[in-house]
Amino acid sequence: MSFHQVDGVRRVLIASANPLFGRGLERLIHQQWKGRQFEIRVVATMEETLLLLESWLPDLVILDYDDRSLDRKRFMDLFISGNRAMQVMLVSLHESGSVVVYDRRILTPSQAENWLSLPGSLDSQPRTSGKERVSTMKHFAIAGFLVIVSTFVVNYLLNTIRILPLQASAQAQPIDRLFNLQFMLIAFFFSLIVVFLGYSLVVFRQRSKEGEEEGAYIKGSTGLEVVWTIIPIGIVIYLSYLGSLALAETRRVDPQAVEVKVVAGQWFWRFEYPQYGIVSNALYLPVNRQAHLRLTSLDVIHSFWVPEFRVKQDALPGENLERELRVTPTMIGEFKVRCAELCGTSHAYMESPVVVVSQADFEAWISEQLAAIGTDPATRGAKWAQTNGCLSCHSVDGSPGVGPTWKGLFGRTDHELADGSVVAVDEAYLKTAIVNPNAQIVKGFPANVMPGNYQSLLSEQQINDIIEYIKTLR
Ligand code: HEC
Ligand SMILES: [Cu+2]
């Protein structure tokens, strides 16, 4: 401990019930103030202390911090009622022989009140001088500059490792903008923490054995807490605003979109083009034209994901749980759709090619597919009836089945229904029977057996093809 800074002190009052404390300090002060004019008095009780405070008027009071018989409250009360400034120190002697100073300040009666109101009267914040404040600003300026430099370096590194795959769709653009903003924020906050940590470790490390006493105990800072609550709330609200803008952009509807029905199953993808009556195992898409994907699953939950397109959507089992996804490919090339939802043992192999081609190549592909299907509607209809499971319930040769046979059905005028009515079987009747089976139950057959979701499973074209097929079975 050093008393060098104490100027103009003539009278020193040391208060402690411990005689060693007083004598030790007295000797120390004598050593350090050699040649100066001063007087020291050591007192052992509260009463003596108060008495001398009033009658002797010391310039410096040193109180034994560990001495519980010294009532600081009474001391301060007396002090406040007076009107002169005085230096006060709270000091403790350690066994090692060192002296710990808990608080040391020049008090005026008005400040004294403050001093007492601090918890335990001890939690002082060191008063910073003008010079110290300048050097604090200097540290902040240097660290702030390093934070900015580090932010750009970290962000650059994050970008060079190419976290994001190719950007191959219009929907990927707003998403990548968000990603890039996120990387920038990550780089900034990483730098903010690490730079300040590293700077403090290096610049404020302990260079010598001196100054080993504990640092100031700082409890709470309302201003700081308000700031570090409001700023992150602002950032989060702003990010969610950007996020919803991006979401809206990825969902923008183009009425000219190519319709594709995506059917997922364990473990395959099937792509149907209802506008053309085509079914394919590869997803062909024309470049720069929106594709409107409608997703369903035949069994469990799957998820359609082409990383280069960024957007992703689940395919759910169930008639009313169709999900939609809009993708506008912007790059000609071959990609892969994978399932992004663990769906069973072969989940990892649930991949299908996604081929993005020019509009001309797309049309060529469509006509190629249509040629392969055939041009005769009845032949196609026979194929649809086969591939969609109709023939497991309906026979075409008059033999009995779960459902009525299709043989000789078309053209009948005496067709009996379960409600007793008699109808003629024409194209309109057949169409209703297929898309809305419960609207007209055939006499002698149960309701609710024929699946009711063929309207969504089959294209308009396919239904017409099947009707053409039934017409041939007279
Ligand atoms: C699980 C069995 C089942 C499957 C699969 C099925 N149906 Fe049916 N279907 C029935 C039953 C039972 C009826 C009679 C009750 C009724 O009218 O709904 C019926 C009735 C019909 C009728 C009316 C027949 C008549 O005599 O009036 C048509 C047409 C028909 N189904 C077409 C189809 C087509 C097309 C498919 C495939 C895309 C199909 N069904 C798949 C069970 C099935
Ligand atoms: Cu899957």
- The listed residue being away from ligand 2 (no atom under 16 Å from the Cβ) and β-branched (Val, Ile, Thr), out of Thr328, Thr296: Thr328
- Mind checking which pairs have a first residue in region 290-306 that is in the same structural domain as Ala172 (by TED's automatic domain parsing) and a second that is outside any strand (DSSP E or B), Cβ under 8 Å, 6 or more apart or different chains? none
- Of the conditions (1) in contact with a strand residue (DSSP E or B) (Cβ under 6 Å, 6 or more places away or on another chain); (2) at pLDDT 90 or above, Val195 fails just one. Which one is it? (1)
- Query: Just wondering, is there one or more residues in region 377-391 that are modelled with pLDDT of 90 or more and either in contact with a Leu (Cβ under 9 Å, 6 or more places away or on another chain) or in a loop (DSSP other than H, G, I, E, B) (or both)?
  - Reply: no
- Across region 299-322, what is the number of residues that are open to solvent by 60 Å² or more (accessible area, probe 1.4 Å) and either polar (S, T, N, Q) or within 14 Å of ligand 2 (Cβ to nearest atom) (or both)? 4
- Query: Across region 341-376, which residue is most open to solvent (accessible area, probe 1.4 Å) among those that are assigned to a helix (DSSP H, G or I) and more than 26 Å from Pro286 (Cβ to Cβ)?
  - Reply: Tyr349
- Task: Assess whether Ser200 counts as being touching a helix residue (DSSP H, G or I) at 6+ places or on another chain (Cβ under 9 Å), under 30 Å from Thr136 (Cβ atoms) and not β-branched (Val, Ile, Thr).
- Result: yes
- Task: Out of the residues in region 426-458 that are among the β-branched types (Val, Ile, Thr) and near ligand 1 (Cβ under 8 Å from one of its atoms), state the one that is farthest from Leu409 (Cα to Cα).
- Result: Val449
- Message: Filter region 354-407 down to the residues that are within 46 Å of the chain's Cα centre (by Cα), at negative phi and within 15 Å of ligand 1 (Cβ to nearest atom) and list them by number.
- Response: Thr387, Asn388
- Item | Exclusive hit being in the same structural domain as Ile29 (by TED's automatic domain parsing) and modelled with pLDDT of 80 or more, set Leu52, Leu78 | Leu52
- Number of positions in region 446-462 that are without any contact (Cβ under 8 Å) to a residue 60 or more places away in the chain and surrounded by fewer than 18 Cβ atoms within 10 Å (Cβ to Cβ): 6
- Message: If I filter region 276-286 for residues that are touching an Asp or Glu at 6+ places or on another chain (Cβ under 9 Å), more than 16 Å from ligand 2 (Cβ to nearest atom) and farther than 25 Å from Leu321 by Cα, do I get at least one hit?
- Response: yes
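The values are calculated or read from the model by the stated rules, or taken from the named source; none is laboratory data. Fair warning: this is a prediction, and the values are worked out from it, not measured in the lab. Cβ coordinates were reconstructed from backbone atoms using ideal geometry, including for glycine residues, and neighbour counts include every protein chain displayed. These accessible areas exclude ligands, DNA and RNA; they are computed on the full protein's heavy atoms, side chains included. Shrake-Rupley method; radii C 1.70, N 1.55, O 1.52, S 1.80 Å.
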